[in-house]
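In what follows, a single structure is set out as structure tokens and then discussed.
Please treat every number below as a calculation from the coordinates, not as lab data. Quantities reported herein were computed from a predicted structural model and do not represent experimental measurements. Glycine also receives a Cβ, built like all others from the backbone with ideal geometry; neighbour counts cover every protein chain displayed.
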Amino acid sequence: MAVCTVYTVQPLNTSCSISTPTKTHIGFNQKQVFLFTNGGKKTSRGRFRGGEITCSAGDTIVIGLAADSGCGKSTFMRRLTSVFGGAASPPKGGNPDSNTLISDTTTVICLDDYHSLDRTGRKEKGVTALDPRANDFDLMYQQVKALKDGVAVEKPIYNHVSGLLDPPELIKPPKILVIEGLHPMYDQRVRDLLDFSIYLDISNEVKFAWKIQRDMAERGHSLESIKASIEARKPDFDAYIDPQKQYADAVIEVLPTRLIPDDNEGKVLRVKLIMKEGVKYFNPVYLFDEGSSISWIPCGRKLTCSYPGIKFGYGPDAYFGHEVSVLEMDGQFDRLDELIYVESHLSNISTKFYGEITQQILKHADFPGSNNGTGLFQTIVGLKIRDLFEQIVANKALAPLEATKA
Ligand SMILES: Nc1ncnc2c1ncn2[C@@H]1O[C@H](COP(=O)(O)OP(=O)(O)OP(=O)(O)O)[C@@H](O)[C@H]1O
Ligand SMILES: O=C(CO)[C@H](O)[C@H](O)COP(=O)(O)O
């Protein structure tokens, strides 16, 4: 009796479907496998003890987060991990300069690890890290695909301290893989692997203000060197990074406030959450009335607002030819606990209990942006990703039942 390809599930508590020429058959949870004849008949079942069995359809969902350097990716990742109830840390006992962060549910890999040229190599060739020629998209694709299919990979490490490529580290397939960095949506093959994608779109004025805050105040760089570094990156940023936002399912756009005329301090922010319509497992958040256009100044009896106040906006729009819903917040909260008032007027936020957004923000009050739309919208996107993940898992669990009915 010939046995056809055998598949199993690598992570526990996941399921896996198997296709034979005659029928789709279903794998099993908890490291158990079925063997199938090439006619599609089940022959035996037992515990998986390792070997050559691989999974035909992995259960890892892949999230892409694109942004320029210094635009809040790490902060966003910390908020996302917290929504899943854990803290992330680098692989235990591994390279201390690893860029990877692992928690119970999520593994965040930094796409800088796919730089094909190290710092000296880029200098010699006169290319920046943003240039596709300095990155290995074939390897990025192969490894993200392998992880999505449930197969562990030996991923390279780009060492930001030495500027060199270090020996690789082992990455096992997680429940949720986040690929963050400069190019998660640049290569179509990688883009097609994404279950959801986000772009952090920080306007030049705000990027400059944040860079000054971090690199001048915290790292001792001069104003001139910060300006020069931003200018040097700009052509490649415009050519290779910025265009990725057209592919994103959600964009968080950060702009200077309109509440203070000619403001150039970059402290008060106007933040837009642009949500694509029609994305599977993603229902955009809305304010008051889905599909209407709303302008709301919540400052009154329930919300303390000092100058320049707070203004919300919501409504339908178009973004790179796609239908989108846009939620906007201009200004900042005086008291974070009063955010509950705003939260209670938002719908489709995918919280598990009343006040979950406010609780998350209060928990991380010290993270940058907790008092404005960046913190609020990053938290909301985190909740939407949790919801998307839970829907995908629930759907996969139903698939075997559906298949047996067929
Ligand atoms: N929402 C925010 N509001 C104000 N400042 C912020 C915000 N997010 C980030 N920043 C500023 O930008 C800096 C970089 O943030 P973060 O480390 O999250 O970015 P990053 O994209 O991960 O950076 P890198 O890629 O360089 O490691 C922070 O130290 C802070 O000064
Ligand atoms: O744009 C970047 C992404 O974080 C970095 O500039 C790039 O990874 C190169 O890093 P380094 O300056 O440490 O050599």
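In square nanometres, what is one fourth of the surface area of the convex hull spanned by the alpha carbons of the range 276-384?
Values: hull surface 28.7 nm².
For the Cα atoms of the range 276-384, the hull's average projected area reads 7.2 nm².
So, R0 is 41 Å and r is the distance between the beta-carbons of Lys125 and Lys172; what FRET efficiency does that work out to, to 0.05? Please report the intermediate quantities before stating the final value.
Numbers: r = 34 Å, r/R0 = 0.83.
Plugging the Cβ-Cβ distance into 1/(1 + (r/R0)^6) gives 0.75.
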task: Enter the Cα centre distance for the pair the range 126-198 and the range 208-257, rounded to the nearest angstrom.
output: 21
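Taking each pair of different alpha-carbon atoms in the range 250-314 once, compute 1/r for the pair, average those values, and report the inverse of that mean as the Kirkwood hydrodynamic radius in Å to one decimal.
Here the Kirkwood hydrodynamic radius works out to 13.9 Å.
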message: Suppose the Debye formula is applied to equal point scatterers at every Cα of the range 209-289; what is log10 I(q)/I(0) at q = 0.15, 0.18 Å⁻¹?
response: -0.82, -1.02
- line: re the range 173-260: pairs of Cα atoms spaced beyond 20 Å account for a percent value of 48
message: Give me the extension gain from Glu338 to Glu390: residue separation times 0.36 nm, minus the current Cα-Cα distance, reported in nm with one decimal.
response: 15.8 nm
query: Each label point is 7 Å from the Cα along the Cα-to-Cβ direction; what then is the distance between the points at Asp263 and Ser347, in nm?
result: 3.0
- line: Cα-based Rg then Dmax for the range 85-214, in Å, read 15.2, 45
query: How much length is gained if the chain between Val161 and Asp366 is pulled fully straight, taking 0.36 nm per residue apart and subtracting their Cα-Cα distance, in nm to one decimal?
result: 71.2 nm
message: Output wanted: per-residue J couplings in Hz (rounded whole) for the range 160-165, from phi through Karplus 6.51 cos²θ - 1.76 cosθ + 1.60, θ = phi - 60°, x for Gly and Pro.
response: 6, 7, 8, x, 10, 8
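The range 159-305: D in µm²/s via Stokes-Einstein (Kirkwood Rh, Cα pairs, 4 °C, 1.567 mPa s)?
68
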- request: Consider just the alpha-carbon atoms of the range 227-272 and return their Rg together with their Dmax, both in angstrom.
  value: 13.5, 33
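Find how much the distance from Asp97 to Ile212 grows on full extension, using 0.36 nm per residue of separation minus their present alpha carbon separation; answer in nm with one decimal. Spell out each step's value before the answer.
Values: separation 115, 0.36 × 115 = 41.40 nm, distance 2.46 nm.
Between Asp97 and Ile212, full extension yields 38.9 nm more.
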- prompt: Say each of Asp192 and Asp138 gets a label point 7 Å from the Cα, pointing the same way as Cα to Cβ; how far apart are those two points in nm?
  reply: 1.8
